[in-house]
Amino acid sequence: NAGVTQTPKFQVLKTGQSMTLQCAQDMNHEYMSWYRQDPGMGLRLIHYSVGAGITDQGEVPNGYNVSRSTTEDFPLRLLSAAPSQTSVYFCASTGGSIRNEQFFGPGTRLTVL
Amino acid sequence: AQSVTQLDSHVSVSEGTPVLLRCNYSSSYSPSLFWYVQHPNKGLQLLLKYTSAATLVKGINGFEAEFKKSETSFHLTKPSAHMSDAAEYFCVVSHNTDKLIFGTGTRLQVFP
């Protein structure tokens, strides 16, 4: 199993540009999540999904959209990038229950100029 | 409401000495608690988890943590630090929801 994969690893955007961060998992997990990591703030939940077709907002959802058309994929969209969205983004998945281990992808480092 | 507080942003130890990373939590219900480790420029890896079974939880790489309900604490310990333990450590709380609440992290430095 590849686990959780994320692309790209690095990205530089200009203010106002849009892009999609890709996340895929091959473990048939129902739960998938997106976090952003900023210095001194730990990881904060952006959006999550409990299964295909179901998504919900986390702690910091503004400026981001998600969809979950398949169990495997959970892309994160930035519609109009802002410098405040400069961060490291992690996708995670877990099977069965949130009380189980979350498997994290390697992260995407995004810089918005 | 749930929250988690990591009491130290940085901890420095010498190789071979004990490690103590402190975590206090707040939860209205019986929580699940986790410790994750993040090595530089890497993703997060689960060290151990507590889900209402034994209060002393053993994890990977010689780490363990004790759930103390009376103190609302879940401190991470290791008897003898190794250079490879240098990383950032996150304490995480959840209670049967779809969300994990992360602490702000503790950076562990290990000196030779």
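Residue-wise test of (1) closer than 25 Å to A:Gly40 by Cβ; (2) open to solvent by less than 70 Å² (accessible area, probe 1.4 Å).
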{"site": "B:Cys23", "(1), (2)": "yes, yes"}
{"site": "B:Ser28", "(1), (2)": "no, no"}
{"site": "B:Pro31", "(1), (2)": "yes, yes"}
{"site": "B:Ile60", "(1), (2)": "no, yes"}
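Can you find a residue in the stretch A:41-52 that is open to solvent by 10 Å² or more (accessible area, probe 1.4 Å), modelled with pLDDT under 90 and either more than 22 Å from B:Tyr89 (Cβ to Cβ) or within 14 Å of another protein chain (Cβ to nearest Cβ) (or both)? Yes, some residue in the stretch A:41-52 is open to solvent by 10 Å² or more (accessible area, probe 1.4 Å), modelled with pLDDT under 90 and either more than 22 Å from B:Tyr89 (Cβ to Cβ) or within 14 Å of another protein chain (Cβ to nearest Cβ) (or both). Every condition in (1) within 22 Å of B:Phe34 (Cβ to Cβ); (2) assigned to a strand (DSSP E or B); (3) open to solvent by less than 60 Å² (accessible area, probe 1.4 Å) is met by A:Val60 except one, and the failing one is (2).
Residue by residue, here is whether (1) within 14 Å of chain A (Cβ to nearest Cβ); (2) outside any strand (DSSP E or B); (3) not β-branched (Val, Ile, Thr) holds:
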{"residue": "B:Lys49", "(1), (2), (3)": "yes, no, yes"}
{"residue": "B:Ser52", "(1), (2), (3)": "yes, yes, yes"}
{"residue": "B:Glu71", "(1), (2), (3)": "no, yes, yes"}
{"residue": "B:Leu76", "(1), (2), (3)": "no, no, yes"}
{"residue": "B:Ser84", "(1), (2), (3)": "no, yes, yes"}
{"residue": "B:Cys91", "(1), (2), (3)": "yes, no, yes"}
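Close contacts from the stretch A:1-20, counting a first residue that is farther than 17 Å from A:Tyr89 by Cβ and a second that is open to solvent by 80 Å² or more (accessible area, probe 1.4 Å) and assigned to a loop (DSSP other than H, G, I, E, B), with Cβ to Cβ under 8 Å and a gap of 6+ residues or different chains, come to A:Lys14/A:Leu113; A:Thr15/A:Leu113.
Close contacts from the stretch A:22-38, counting a first residue that is farther than 14 Å from A:Ser49 by Cβ and more than 10 Å from chain B (Cβ to nearest Cβ) and a second that is surrounded by fewer than 24 Cβ atoms within 10 Å (Cβ to Cβ) and of a type in the set (Asp, Glu), with Cβ to Cβ under 8 Å and a gap of 6+ residues or different chains, come to A:Gln22/A:Asp73; A:Asp26/A:Glu72. Looking only at the stretch A:26-51, which residues are assigned to a loop (DSSP other than H, G, I, E, B) and closer than 15 Å to A:Tyr64 by Cα? Scanning the stretch A:26-51 gives no hits.
The values are calculated or read from the model by the stated rules, or taken from the named source; none is laboratory data. Here the structure is a predicted model, which means the values were calculated and not measured. Cβ coordinates were reconstructed from backbone atoms using ideal geometry, including for glycine residues, and neighbour counts include every protein chain displayed. With ligands, DNA and RNA removed, areas are computed over all heavy atoms of the protein, side chains included. Shrake-Rupley method; radii C 1.70, N 1.55, O 1.52, S 1.80 Å.
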